[in-house]
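**Q** One structure coming up, written as structure tokens, with questions to follow.
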Amino acid sequence: MLKVEEIREIIKLIDESSIDEFSYETNGTTVKMKKNKETGAPTVSAPAPTVSAPVSAKSEEVVTTTEIPAQPEQEVSKNEEESKAYDYEIVSPMVGTFYIAPTPESDPFVKNGSKVEPSTVVCIVEAMKLFNEIEAEVKGEIVEILVNNGELVEYGQPLFRVTTK
Amino acid sequence: MESTRNKLIRLLADAKENYISGQQLSDQLHISRTAIWKHMKELEKDGYVIEAKPKTGYRIKQFSENVSANTLKWGLNTSWMGKEIIHKPIVTSTQHVAHQAARENTPHGTVVIADEQSNGRGRMDRVWHSEKGKGIWMSIILRPELPPYIAPQLTLMTATAIAEVLDQHDTLKPKIKWPNDILIQNKKVAGILTEMQAEQDRIQYVVVGIGLNVNQENTEIPDSIHYKATSLKMETEKEWPIVELVQQILEALEKEYNAFLENGFPSVKTKWENYGFRIGEKISLHSGNKQKNAIFTGIAEDGALLIEPTKGKTEKIYSAEIDWFVE
């Protein structure tokens, strides 16, 4: 049986992924999840100004390639520059403190615009003095750093946005 | 496969003060008496003092105190820990060498150990003083088949194993400062730095670095700006044999690790809390630019720090700078 926290975690992960449907079966218990398409993972194309549909709207009402911004209408004008096009997010594999550089004095591992290879170390997440060097795991370019140096991050929290094109 | 040399050492060690004849050794090891004699010469090169008495046999008068891959392996009672040992007289840091070795696919349990580190480091690259032959500076490569979020528990497990080894000596009374510094009389004697390479759901490898101050004199060990430091010699007023201590630590680590894989964190938690520093006391935590005071009540089922900021409320902490003494 899955615990409530685990289900919550899965929902979060699926929310952030490009998966539309998910089902999991164990010992006679089945968990099924399905996303409304418009709340699904963001797509490659730059977000067009949103149709002001509420988040709960059915998918037919909204163009599927449209990203719903986290903030409502008044943010739309700034939207263009704020969320750049990306198709991959590097997420934290554990709870901990996010470090963008190996030491306080050194240069950051990556910056906006940095080209990364799958094995490029992009940051460190530290929990209980275990220092986890996070690799990009994809080839591409960092387009947005979502967390500040020294900030606490959650399991599964997106840290970087990457274009793999 | 146990090497002939290793078997030879064991036979001699088991016999303690008694002599074993060359013939007896030759029979048991299936090698000639000349070969035995050659092995004895090699042992002497590695720092063992062997006594050969005509018509009686051989015995070890003194075990080697030289640290080498051989002396560490001989008499090491483990099944996977330290089966591969990389010993160097001087390195920049054993962590650095271990990372390189791990990338070249060295096996689980490989130990990198140095007499001296020119650039020993701790958390956030803070300098760790590691003079020649005065302490244990080593890094262990682990390849656990665990999800990455479990890995931080390995640091608490390592600290527990080291505390247990030190605790065998009545007077030391080691404490563990969460998550993994070993203290004696409120002063730091050992630090652990754990680094991991992992994918989202799979650990490639973990390098556990251990720095233990052993035979430094009072004047040889500068206090860090972050803590007061001590050594085993300063606390006990005697020299400690490095080889034996390394072996004890590796044996304890293997045992703790196996138990951890089998039973999970609960067994570590209980032991850890027995050594826990300032449990039940008021501490101060900083994270980012936030700061708060709270009572430190123990550790959680996953090793996180448990605090009580206000009566009846419990919070889990995974990462913070902690000030352990609050008025």
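**Q** Which of the residues that make up region A:123-143 are open to solvent by 40 Å² or more (accessible area, probe 1.4 Å) and more than 11 Å from chain B (Cβ to nearest Cβ)?
**A** Filtering region A:123-143 down to residues open to solvent by 40 Å² or more (accessible area, probe 1.4 Å) leaves A:133, A:137, A:139, A:141.
Passing the criteria: A:LYS139, A:GLU141.
**Q** Filter region B:223-256 down to the residues that are out of contact with any Asp or Glu (no Cβ under 9 Å at 6 or more places or on another chain), of a type in the set (S, T, N, Q) and outside any helix (DSSP H, G or I) and list them by number.
**A** Selection gives B:SER224, B:THR230.
**Q** Can you tell me which residue is nearest to A:GLU151 (Cα to Cα) among those in region A:89-116 that are within 11 Å of chain B (Cβ to nearest Cβ) and aliphatic (A, V, I, L, M)?
**A** A:VAL95
**Q** Follow-up question, since we're still on this one. Identify, by number, the condition in (1) surrounded by fewer than 20 Cβ atoms within 10 Å (Cβ to Cβ); (2) closer than 17 Å to A:TYR88 by Cα; (3) more than 14 Å from every other protein chain (Cβ to nearest Cβ); (4) over 16 Å from the mean Cα position of the chain (by Cα) that A:SER119 doesn't meet.
**A** Here A:SER119 meets the rest and fails (3).
**Q** For B:GLU65, are the conditions met, namely being away from every other protein chain (no Cβ under 14 Å), among the acidic types (Asp, Glu), part of a strand (DSSP E or B) and over 26 Å from A:THR103 (Cα atoms)?
**A** Spelling it out, it is not the case that B:GLU65 is away from every other protein chain (no Cβ under 14 Å), among the acidic types (Asp, Glu), part of a strand (DSSP E or B) and over 26 Å from A:THR103 (Cα atoms).
**Q** Quick one: in region B:301-324, which of the residues that are among the hydrophobic types (A, V, I, L, M, F, W, C) and without any contact (Cβ under 8 Å) to a residue 24 or more places away in the chain is farthest from B:MET157 (Cα to Cα)? Walk me through how you get there before you give the answer.
**A** First, pick out the residues of region B:301-324 that are among the hydrophobic types (A, V, I, L, M, F, W, C): B:304-307, B:317, B:320, B:322, B:324.
When the remaining residues are screened for being without any contact (Cβ under 8 Å) to a residue 24 or more places away in the chain, the result is B:304, B:306.
Numbers: B:ALA304: 13, B:LEU306: 17 Å.
Out of the qualifying residues, it is B:LEU306.
**Q** For the subset of region A:144-157 comprising residues that are assigned to a strand (DSSP E or B) and within 12 Å of another protein chain (Cβ to nearest Cβ), which member is surrounded by the most Cβ atoms within 10 Å (Cβ to Cβ)?
**A** A:VAL153
The values are calculated or read from the model by the stated rules, or taken from the named source; none is laboratory data. Here the structure is a predicted model, which is why all the values come from computation and not from measurement. Glycine gets a Cβ as well: all are built from the backbone with ideal geometry, and neighbour counts include every protein chain shown. Protein only, heavy atoms only, side chains kept; ligands, DNA and RNA dropped before computing areas. Shrake-Rupley method; radii C 1.70, N 1.55, O 1.52, S 1.80 Å.
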